[in-house]
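Notes for the one structure printed next.
Rule-based calculations on the coordinates, nothing more; no lab input. Bear in mind the structure is a predicted one, so any value in this text is a computation, not a measurement. Cβ placement follows ideal geometry from the backbone for every residue including glycine, while neighbour counts extend to all protein chains displayed.
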Amino acid sequence: MVSLTPEQAHTLLDAARGERLEALYVLAVSTGMRLGEMLALKWEAVDLDGAILDVRHTLHHEAAGAWRLTTPKTAKSRRRIDLPSLAVEALRAHRTRQLEERLRAGAAWEEHGFIFTRNDGEPLRGTHVLERHFRPLLSRAGLPAIRIHDLRHTAATLLLSEGVNIKAVSETMGHSDIAITLGIYRHLLPTMQKDVTRAMERVLGARQVRA
């Protein structure tokens, strides 16, 4: 497991500014969504005014270009996510860009309602995103050659490092059980325990114990 530092996360998003898939990277870093969940995301599942989205499906590609949507394996994976402002702004810009692409494509556009698509409206393949977009982006940004799934770990690590309750992080990630979250991010727990101790000292202060 690899996660970007806050500085590296900023570098990635700065390098992605104006990119066709900028909104996908913003979602990955700010919400921890899985790639299959993001590629399955449709506009009908997003409320930009309310700054929320519903994770309902995962996209799978099969032979000969066929694709299908499946429901996530667990009930916890089917979740509602509150969107930070940077994700809302990125999605609004992406929607404008997509409408322009749709006009240019004309009759060649296949409307399925997906947020992240090819130039003809068909859903993107994960391998296409990785090879043609994500890896070149990392190279331009001067960042390590991480997996796109590591952006999910980055999101969780950033949240935990900021003191967000681990149960809330687990729900955001869509883990089936909080034990999974604890198992994956146990290396952060000693630091979190120190934060708890320092917080208690700030609240109660140092007190002299009477003999």
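For the chain, averaging the sequence separation of C-alpha pairs within contact (under 8 Å, six or more residues apart) and dividing by the residue count gives a relative contact order of 26 percent. Loop-located trypsin sites (Lys or Arg not before Pro) across segment 64-167 with a Cβ neighbour count of 12 or fewer within 10 Å are K73, with loop assigned by DSSP. Multiplying the residue separation of R147 and R68 by 0.36 nm and removing their Cα-Cα distance gives an extension gain of 26.1 nm. Placing +1 on the Cβ of every Lys and Arg and -1 on the Cβ of every Asp and Glu, with no other charges, gives segment 1-139 a dipole of roughly 380 debye about its Cα centre.
Given 0.36 nm per residue, what is the gain on full extension from I178 to R92 after removing their alpha carbon distance, in nm?
Full extension of this stretch gives 27.7 nm more.
If R₀ is 22 angstrom, what is the calculated FRET efficiency for the pair R135 and A75, using the beta carbon separation as r and rounding to 0.05? Calculated value: 0.05.
Listed values [x] 19.5, 70; [y] 16.7, 52; [z] 19.7, 85 include one computed from this model; for Rg and Dmax of the Cα atoms in Å that value carries the label [z].
A DSSP coil position with no more than 13 other Cβ atoms inside 10 Å describes the following GluC sites (Glu not before Pro) in segment 131-193: E162.
The phi torsions of segment 120-133, fed into the Karplus equation with coefficients 6.51, -1.76 and 1.60 and a -60° offset, translate into couplings of 10, x, 6, x, 7, 8, x, 5, 5, 4, 5, 7, 9, 10 Hz, rounded to whole numbers, with Gly and Pro shown as x.
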